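I have placed the structure first, in the form of C-alpha cells, so that the comments after it can refer back to it.
The values are calculated or read from the model by the stated rules, or taken from the named source; none is laboratory data. Note that the structure is a prediction, hence the values are computed from the model and not measured. Cβ placement follows ideal geometry from the backbone for every residue including glycine, while neighbour counts extend to all protein chains displayed.
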Amino acid sequence: MKFVVQRSSDWGFNPKRKPLPQCYLEQFDHNGSVTEQWCIDISTLEEMISLADKVGKCIIGQSYPFAEQPVQLLEIYDDYRE
C-alpha cells in the first residue's frame, strides 16, 4: 500500500529533504494541478510496526486529498502541532 509521508517538524514540502531514506517522489494530479509528494510502499502490518519502532509515533490519516485515487497519509509525529 502506498502512503504519502510527512513529518510534523517539516513545514511545507521540500523535494531535497526526504522524510525517510526509503521515500521516493511521486506526482499527483488533482483537477489539472500537479503536485509532488514523498511516498513509501508498505506491504504488511509487520513492515508498518517496524517503521513505527524506528521513527517513533506515527499517525495514519484518511485519503490524501491531492490524489485522484485514494492514498493514505502517514505522518511521523516528531514535533508538537495542533
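Details
- Condition check for P19: in contact with a Lys or Arg (Cβ under 7 Å, 6 or more places away or on another chain) and part of a loop (DSSP other than H, G, I, E, B): yes
- Qualifying residue in the range 38-53 (condition: over 16 Å from M1 (Cα atoms), at pLDDT 85 or above and surrounded by fewer than 10 Cβ atoms within 10 Å (Cβ to Cβ)): yes
- For I49, the conditions (1) out of contact with any helix residue (DSSP H, G or I) (no Cβ under 9 Å at 6 or more places or on another chain); (2) under 19 Å from S63 (Cβ atoms); (3) hydrophobic (A, V, I, L, M, F, W, C) all hold with the exception of (2).
- Test: residue in the range 67-82 that is part of a loop (DSSP other than H, G, I, E, B), among the aromatic types (F, W, Y), at pLDDT below 90 and exposed (fewer than 12 other Cβ atoms within 10 Å of the Cβ): yes
- The lone exception for H30 - which of (1) surrounded by 12 or more Cβ atoms within 10 Å (Cβ to Cβ); (2) closer than 18 Å to M1 by Cβ it fails: (2)
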